[in-house]
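The values are calculated or read from the model by the stated rules, or taken from the named source; none is laboratory data. Predicted, not measured: the structure shown is a model, and the values here were computed from it. Counting neighbours? That spans all protein chains shown, and the Cβs are built from the backbone with ideal geometry, glycine included.
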Amino acid sequence: MKSNKKTFARCAIATALGATLGAGLLAPAMAQTNVTVTGLVDNFFGSMKNSGDPGSTRLVGSGGLTTSWIGFKATEDLGGGLKARMNLTSFLRADTGESGRFTGDTMFSRDANVGLTGGFGGISIGRDLAPNFLPTVLFNPFGDSFQFSPLILHSDVATGPFGARTFSNSLAGDTGWSNEIIYTTPDFGGLTANFHYQLGEVPGNTGKKNIGINALYFQGPLALTAFYHNVKVNNPLDVATPTSIVQSVGGVNATEQKVYFVGGSYDFKVVKLFATYDRATHDVDLKDKTWSLGASVPLGKGKILAGWADTRRGGSGLDIKRDTVTVGYDYDMSKRTDLYALFMNDKVTNFSSANSLGLGIRHRF
C-alpha cells in the first residue's frame, strides 16, 4: 500500500512538472500568434439618384462612406523578422444583414489570402487588393465610398440597370483580384511598390490573366501614387472563357483594358488637397479619361469634404461626359465612431442632372 502511494506521488509530481515545462515551452509560441476579429459597420438613410435613373430612391443603405465588412486577421512571429499573416474578411450589407456587396457576391470577396512578410518585403497568395484600389481610395477625400465618392463612382460603379447602363465604370476587373499573387517591396524612404499577377485559370489559354503594379510614396505632408494594369479577367464572378467581356459601353464590347493612373495629395494642415488623372484604353475603339480634384478641411471635431470627378468617354462614335460633385461633413464622435452628412450631384451626357443626400453613422471594431 505504501509502495502504491509512493508510486502515485511520483507520477503526480512528474505529471505536474511535465505540464509546467510544456506550458513554459508553449507560452512563447502562443504569445507570438495574434488572431483578431475586426470589421466596420456603416449605415445611412437618405435619397439616392444617379444621372439616368428614372427617379429618386428613398432608402436606408449600407456603406455610405465605407463598405461594411467583418473578418478574421492573424499574424504569427516565425522568428528572424519573418512573420506569417492571414486574412479572411467578408463584405456585408448591414442595412439588410445580407452578405456580399451585391447578390451573388462571393463570401470572402474582400480578403481571402495568406502570406509572409519580412526584410524582403511581403508576399500574398489568394484573393487580395487589385492594383487600382489603394491609389484611388487613398487619393480622394471620401476614401472608399462606393455611394458618394466621385472618383470611386466613376472608377468602379456602373449606373443604370444591368444590360442597359447609362454609364459603366471606367476601371475593369473589380477592386479585388481572385487567384492572385502579390509581391510588396520593403519601404524605401517612404516609397513602396506592389506587383500583382492574377492567373485566369483557363485551360489552354495562358494569355487570359491580369497583371498590374502600383507605387505609393508618403513623406511628410506630400503623398504620390501611380498604377498600371492590364485586365482580361473580371472579378470575382468572371465567366472563365477566352471571350468574356471586361467592359461594355453603348453596345461596344472589350475583352482587354489597359489603365495608367497618377495621383497626389498635399496636407497644408488648414486644408489637404487631392488630384488624380487616369487614362483607360481597350482592345476596341473605346477610351476613357478621368480627372478628379478634392479637398479635406479640418473643422471642429470633424472635417469638411469636397470632391469632383470628370470622365470623358470616346471612340466607336461615342462622345459621353460624366461629371460628379460631392460635398459633406464628417464628425468624429470618438476614434471608432463618426457621423456624416453628404450631398452629391451627378450628370451624364443626354441624361438629366440628379441629386443624392445621405446621413449616416460609421463604427469600427
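So Asn235 clears everything in (1) part of a strand (DSSP E or B); (2) buried (at least 17 other Cβ atoms within 10 Å of the Cβ) except one condition, right? Which one?
(1)
Among the residues of the stretch 126-142, is there at least one that is in a loop (DSSP other than H, G, I, E, B) and surrounded by fewer than 23 Cβ atoms within 10 Å (Cβ to Cβ)?
no
Looking only at the stretch 143-175, filter to residues that are among the hydrophobic types (A, V, I, L, M, F, W, C) and surrounded by fewer than 24 Cβ atoms within 10 Å (Cβ to Cβ); which one of those is farthest from the chain's Cα centre (by Cα)?
Ala164
Filter the stretch 248-284 down to residues that are over 20 Å from Ile320 (Cβ atoms) and acidic (Asp, Glu), then give me how many there are.
Total meeting the criteria: 2.
Within the stretch 40-66, take every residue that is at pLDDT 95 or above and at positive phi and give me the one that is surrounded by the fewest Cβ atoms within 10 Å (Cβ to Cβ).
In this case the residue turns out to be Gly46.
Look through the stretch 30-63, keep the residues that are in a strand (DSSP E or B) and among the polar types (S, T, N, Q), and return whichever of them is farthest from Leu153 (Cα to Cα).
If we take residues in the stretch 30-63 being in a strand (DSSP E or B) and among the polar types (S, T, N, Q), then Thr33 is farthest from Leu153 (Cα to Cα).
Which one is farthest from Ser47 (Cα to Cα) among residues in the stretch 79-107 that are at pLDDT 95 or above and among the hydrophobic types (A, V, I, L, M, F, W, C)?
Selected residue: Leu82.
Go through the residues of the stretch 331-346 one by one and say whether even a single one is in a strand (DSSP E or B), farther than 17 Å from Ile304 by Cα, in contact with an Asp or Glu (Cβ under 9 Å, 6 or more places away or on another chain) and in contact (Cβ under 8 Å) with a residue 24 or more places away in the chain.
Looking for residues that are in a strand (DSSP E or B), farther than 17 Å from Ile304 by Cα, in contact with an Asp or Glu (Cβ under 9 Å, 6 or more places away or on another chain) and in contact (Cβ under 8 Å) with a residue 24 or more places away in the chain, one finds at least one in the stretch 331-346, hence yes.
Enumerate the pairs (first residue in the stretch 311-325 and within 14 Å of Ser292 (Cβ to Cβ); second residue anywhere and of a type in the set (Gly, Ala, Ser) and not in a strand (DSSP E or B)) with beta-carbon separation below 6 Å, excluding pairs fewer than 6 apart on the same chain, so at least 6 apart or on different chains.
Hits for this filter: Thr311/Ser170.
If the Cβ limit is 7 Å and pairs must be 6+ apart or interchain, which residue in the stretch 256-273 that is without any contact (Cβ under 8 Å) to a residue 60 or more places away in the chain and within 30 Å of Ser244 (Cα to Cα) pairs with which residue that is charged (D, E, K, R) and outside any strand (DSSP E or B)?
Glu256/Lys232; Glu256/Asp283
Search the stretch 96-113 for residues that are more than 17 Å from Phe146 (Cβ to Cβ) and pair each with any residue that is hydroxyl-bearing (Ser, Thr, Tyr) and surrounded by fewer than 18 Cβ atoms within 10 Å (Cβ to Cβ) when their beta-carbon atoms are under 8 Å apart and the residues are at least 6 apart or on different chains.
Met107/Ser99
For the stretch 335-349, state whether one or more residues are under 13 Å from Phe167 (Cβ atoms) and surrounded by fewer than 18 Cβ atoms within 10 Å (Cβ to Cβ).
yes
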